[in-house]
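Here the structure comes first, spelled out in structure tokens, and everything after it is commentary.
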Amino acid sequence: MTAATIAPAGPDHRAAFPAATFGDALRSEWTKLRSVRSTFWALAMTVVLGIGLGAAISAATAHGYANSSASGKLSWDPTAVSLDGMAIASLAIAVLGVLCISSEYSSGMIRASLIAVPKRGRVLAAKSLVFAAVTFVVGEVTSFAAFFVGQALIDGHAPHAALGDPGVARAVAGAGLTLTALAVLSVAAGTLLRHPAAAIAAMIAVLFVLPGIAQALPDSWRNPVTEFWPTLAGGQLANVYISPHTLQPWPGFGVMCLFTAIVYAIAWTLLNRRDA
Amino acid sequence: MIEARGLVKRYGSTMAVNDLSFCIRPGLVTGFLGPNGAGKTTTMRMILGLDAPTQGSVTVGGRSYRDLPAPMREVGALLDAKAVHGGRRARDHLLCLAQSNGIPRRRVEEVLRIVGLENVARRRTKGFSMGMSQRLGIASALLGDPAVLMFDEPVNGLDPDGIHWVRTLMRSLAAEGRTVLVSSHLMSEMALTADHLLVIGKGRLIADTSVEEFTRSSSQRSVHVRSPQAAELAARVRDAGATVRAGSTSPAATAPAPGGAGTAPDVIEITGMDSAEVGELAAAHGIVLFELVPAKASLEEAFMELTRDSVEYQAAGATR
């Protein structure tokens, strides 16, 4: 009956078709990413939180500017203030990044994926690349929008920044770049830990909990920890004003990239070594 | 063609697969049979490169799975029908798998038609029944039009119509010259589908034989005997090279034991000798027989007999 539509397999079957490529894996991962609803919701959250929270924080702090201390005025960084929402929005990216591989483990889809592409590094590379690219686009759009909205709200209440000011364009574009690095880190964490809940908890710990705990440490401990903590160091790229005991923007971003590279290498190795 | 040589998989102290060697040939449906926990799925996972063997190797078409240039074009596999992302539409699920191997989009529509899911292609798979999931899994196995197909318990959860459909599909795939490996823990299912059997228990190969041979050898060699001189007959039979074990039930209605109490005849099961040979042997030694019945073991019984010692989980008080 229906089986008659299947063409018979020839003896030199293997010569008759092209080998699967990395491009094929990229197309596949793009389909996977766009075909689940969580992608849409997480990206929408990123945009809404990034712009909305940025606007709220901008408006609130700009109104408080007049009453702030001299040192507060000295460290006033309108660019960074307008990009503050990105730090919270990064949670949505972290969750989505973790989910795009750990949901494959929890559903069992990973087996279908690895049967289709047994070169496991290719699956991880394609997945991270696609997700990083999507995050980069969404991140840049969000950070530029947040910047312009924020500056419009700050204008009139406090000194505001323009894209042409020194370091400002770098900071705005940098907020999107940091988010992209975080996207790759999340995919690696999801690959490493495999369980969605565990990997999301780990990302929240890295992003929010451990930096919070570090604040409670005595200065002599706190400064080196907060200076080199990967996500805090990476966030330096979105600052124009560089406060003491923090890294310069690019070295800070370098620390985050290095950390991401290490986690990624471990994830890559384990993915290849473990039974799926 | 799937070839395994000395395949071993150890999880900690558990031997899931123990020195398995086999060759699965094209043009046949090979039934991969064993009780639950026998190592069928582990073996399939090793064939597909999901699990690394502790020892030994397995190749598909002469290559290890991980080295296949476009795996889905050579091997189609269904391991666990429910192992799909429930939030994805059926068509997108198949599309992302097809794309990973450079398989054109129109093939997705073709396989959806083959398995009869074209009307639900836009539905998200979490709403799928077990039967629909099995069909989706079979569709994904067929995507690459592969020469080798592997299905792990494909009829689980299917209705009688679906079971019949899967059987027909397996048979026609094999008839087209493909290698078809189907695992099951149900002998009765395999009797209807398979040409060849690979029986394993506790990770070891128990039988690698055609279904015909399996049926013949198992039904021929078992003879049920009731005799007041069972012990003597047993000794004679053993001397002749056959094996004997104590039988517990009589195939005939249990008659009152003749000869009064205390002389109840023993029942024995003889394998390795047919009923004529047993009868002649008994006559030659003047042994009285009350019953001499060639046991027509069904495939199911033959299978249970074969794997009885290798069942991993047995209910307490199970008679077999």
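Shape class of the protein assembly as shown from the alpha-carbon gyration tensor: prolate, with a/c at 1.5 or above and a/b greater than b/c. For trypsin sites (Lys or Arg not before Pro), no site in region B:1-39 is both called loop by DSSP and has at most 12 other Cβ atoms within 10 Å. Dividing the helix sum by the residues of chain A, where each DSSP H run of 4 or more adds -39500 (n - 2.57), gives a mean residue ellipticity at 222 nm of -23500 deg cm²/dmol.
Could you identify which residue out of B:119, B:36, B:101 has the top mean-square fluctuation in a GNM of chain B using Cα springs shorter than 10 Å? Its mean-square fluctuation being the largest, the pick is B:119. Comparing mean-square fluctuations of B:197, B:117, B:136 from a GNM of chain B with C-alpha springs under 10 Å, the top value falls on B:117.
Full extension of the segment from residue B:209 to residue B:239, taken as 0.36 nm per residue of separation minus the current Cα-Cα distance, would add 8.0 nm.
Between the residues B:170, B:227, B:191, the greatest Cα displacement towards the positive end of the dipole of region B:153-240, with unit charges on the Cβ of Lys, Arg, Asp and Glu, is found for B:227. Indicate the gyration tensor shape class of region A:86-143 (rounded, prolate or oblate), computed on the Cα atoms with a ≥ b ≥ c the square roots of the eigenvalues: a/c under 1.5 is rounded; otherwise a/b larger than b/c is prolate and the rest oblate. Since a/c reaches 1.5 but b/c is at least a/b, the shape of region A:86-143 is classed as oblate. Between residue A:165 and residue A:270, what is the FRET efficiency for a Förster distance of 45 Å, r being their Cβ-Cβ separation, to the nearest 0.05? So, using R0 = 45 Å, E works out to roughly 0.50.
At a Förster distance of 51 Å, what's the computed FRET efficiency of residue A:210 paired with residue A:40, Cβ-Cβ distance as r, to 0.05? Efficiency for this residue pair is about 0.95.
Give me a single rounded figure for B:170-178: the average over its residues of other chain Cβ atoms within 10 Å of their Cβ.
Partner-chain Cβ atoms within 10 Å, mean over residues of B:170-178: 3.
Put in order of Cβ neighbour count within 10 Å, fewest first, the listed residues A:58, B:129 become B:129, A:58.
I'd like the mean, over residues of B:111-119, of how many other protein chain beta carbons sit within 10 Å of each residue's own Cβ. Provide the component values of the computation, followed by the final result.
Details: counts 2, 0, 2, 6, 1, 1, 0, 0, 0.
Across B:111-119, the average partner-chain Cβ count within 10 Å equals 1.
Charges were assigned to the Cβ only: +1 to each Lys and Arg, -1 to each Asp and Glu. The resulting dipole of chain B about its Cα centre is roughly 1660 debye.
With both labels modelled 7 Å from their Cα along Cα-to-Cβ, the residue B:288 to residue B:89 distance reads 8.1 nm. In terms of distances greater than 20 angstrom between alpha carbons, the cross-link table entries A:32/A:119; A:119/B:40; B:40/B:82; B:82/B:126 yield A:119/B:40.
DSSP beta bridges in region B:2-209, what fraction antiparallel, as a percent rounded to 5? Bridges in region B:2-209 that DSSP calls antiparallel: roughly 50 percent. Under a 5 Å amide H cut-off, with hydrogens placed 1.01 Å from N, residue B:18 pairs with B:9, B:204 among residues at least 5 apart or on other chains. Mean-square fluctuation check for chain B, GNM, Cα pairs under 10 Å: which of B:133, B:100, B:183 is largest? Most flexible of the set in this elastic network: B:100. Just check region A:87-241 against the gyration tensor rule for me: Cα atoms, a ≥ b ≥ c as the square roots of the eigenvalues, rounded for a/c under 1.5, and otherwise prolate or oblate depending on whether a/b exceeds b/c. Because a/c hits 1.5 or more and a/b fails to exceed b/c, region A:87-241 counts as oblate. Computed from backbone phi with θ = phi - 60° and the Karplus coefficients 6.51, -1.76 and 1.60, the 3J(HN,Hα) list for region A:256-270 is 5, 5, 5, 4, 4, 4, 5, 4, 4, 5, 5, 4, 4, 5, 5 Hz; x is used for glycine and proline. Label sites at residue A:198 and residue B:168, each approximated as a point 7 angstrom past Cα along Cα to Cβ, lie 4.6 nm apart. Counting only other chain Cβ atoms within 10 Å of each residue's Cβ, the peptide A:50-63 averages 0.
If only the Cβ of Lys and Arg carry +1 and only the Cβ of Asp and Glu carry -1, the dipole of the protein assembly as shown around its Cα centre is close to 1080 debye.
Measuring r between the beta carbons of residue B:25 and residue B:52 and using R0 = 22 Å, the FRET efficiency lands at 0.30.
From helices alone, chain B scores -10000 deg cm²/dmol at 222 nm; the rule is -39500 (n - 2.57) for each run of n ≥ 4 DSSP H residues, then divide by the residue total. Taking other C-beta atoms within 10 angstrom as a stand-in for reagent exposure, B:22, A:131, A:40 fall in the order A:40, B:22, A:131, fewest first.
By other beta-carbon atoms within 10 Å, ranking B:165, A:41 with the fewest at the front produces A:41, B:165.
Quick note: the coordinates plus some simple rules give every number you see, no bench work behind them. The structure displayed is predicted, hence computed values, not measured ones. In this analysis, Cβ positions are derived from the backbone assuming ideal geometry, glycine residues included, and neighbour counts consider all displayed protein chains.
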